[in-house]
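What follows draws every value from the coordinates through simple rules; no lab data is involved. As the structure is a computational prediction, the values presented were derived from the model and not from experiment.
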Amino acid sequence: MKIAAILPHLEVFGGVRRYIEIGNNFIKKGHSFTIYHRDGSRPTWLEFSGETRPVKQVTLEENDIAISSDYSVLNYLEGAKANKKIFYCLREHKNNRKVCVNRKFLIMGNSTGICEMVRRKYERECIKGIGGINPELFHPVETRKDNHQIKILCYGRIYKKRKGIQKVVKAAELLHRRYPSLRLLLFDTPVGSPRLDARKMLRTRVPVKFYTALPQEKMAELYSQADIFVSAEKRAGWSNPCAEAMACKVPVVCSPSGTRDFAADGETALVFRFRYSFLIAKKIRRLIEDKNLKERIREKGYRKIQQYTWSNLVDKLEKEFEQLL
């Protein structure tokens, strides 16, 4: 098969990671996978074994399947010379309606929650593109831990309000009164234009270490430093950071947004239904005080997330796509 992915850019975003990882795995299986984007340059932050080309070429070159998940390049998806055109729905968004009612596109979702939303709201069938994780990049790493500190790790893109990072920071502040040894670890890479530096937007009395622009091969080491990973995201499809933390054997506290496929409350994670800081703090405190619970969630979360590797996802997608053609 010849597969085309149409993106606006190849910067450090979870959605971009998805295409690079899926592409690499399709190529391993003998298929062609080309990413078309603004200037056709290659990604610099994650290895990609396929071709990259300027986005305008997708309307000139023959492909079997064209896929996109970004509303800003839908005109290129419509104009692509492809047998089947798929909109890959990655999260809940107000523009989903105009895409999902367009019968020119097949719809694919990156989580069970997104697929259910598409069926419920738009009465469309939804291809399951659920996952994933790269265990070669994200795995437990032996690190030196200071047993006198409690390290809470959180994604750091604070200017994206739906990520809920401020809520996690406030939860940490509530806990810091009881546990003065608590520390926050955050990470992000400046992207977009202008390149906003999230470190300048963070205000808290809790001691913080903010990692920026870490190479991908260092991410597992960062995750493995943490005692607990926390996410308070909303309107997510698939939560890459939560999945990555689980793959590194870090116990996770999270919202159900983007985590329903792998986060079962009290089993593989601690899940809070409402994004209130005091509720987030309550879940974190349970893991701090109950070592047996923490270890059980750590182990069960790790085992669960191994079901969602990119290679497993591509095995399923290969069958789905071949049936379409």
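Observations
- Principal-axis tilt of helix 277-289 within the chain, Cα atoms, nearest 10 degrees: 70 degrees
- Divided by 2.2 N^0.38 Å, where N counts the residues, the Cα radius of gyration of region 71-138 comes to 1.19.
- Mean separation of Cα pairs under 8 Å and 6 or more residues apart, divided by the residue count, gives region 150-307 a relative contact order of 23 percent.
- Radius, Kirkwood style, for the chain when every pair of distinct Cα atoms is counted (Å): 20.4 Å
- Relative to one another, the C-alpha centroids of region 9-41 and region 262-312 are positioned 30 Å apart.
- Kirkwood hydrodynamic radius of region 130-215, from the reciprocal of the average inverse Cα-Cα distance over all distinct pairs: 14.6 Å.
- Taken as Cα centroids, region 52-95 and region 115-154 sit 25 Å apart, rounded to the nearest whole angstrom.
- Relative contact order of the chain, pairs being alpha-carbon contacts under 8 Å that are 6 or more residues apart, as %: 16 percent
- Subtracting the Cα-Cα distance of Glu123 and Ser49 from 0.36 nm times their residue separation leaves 23.0 nm of extension gain.
- Over all directions, the projected convex hull of the C-alpha atoms in region 150-307 averages 8.6 nm² in area.
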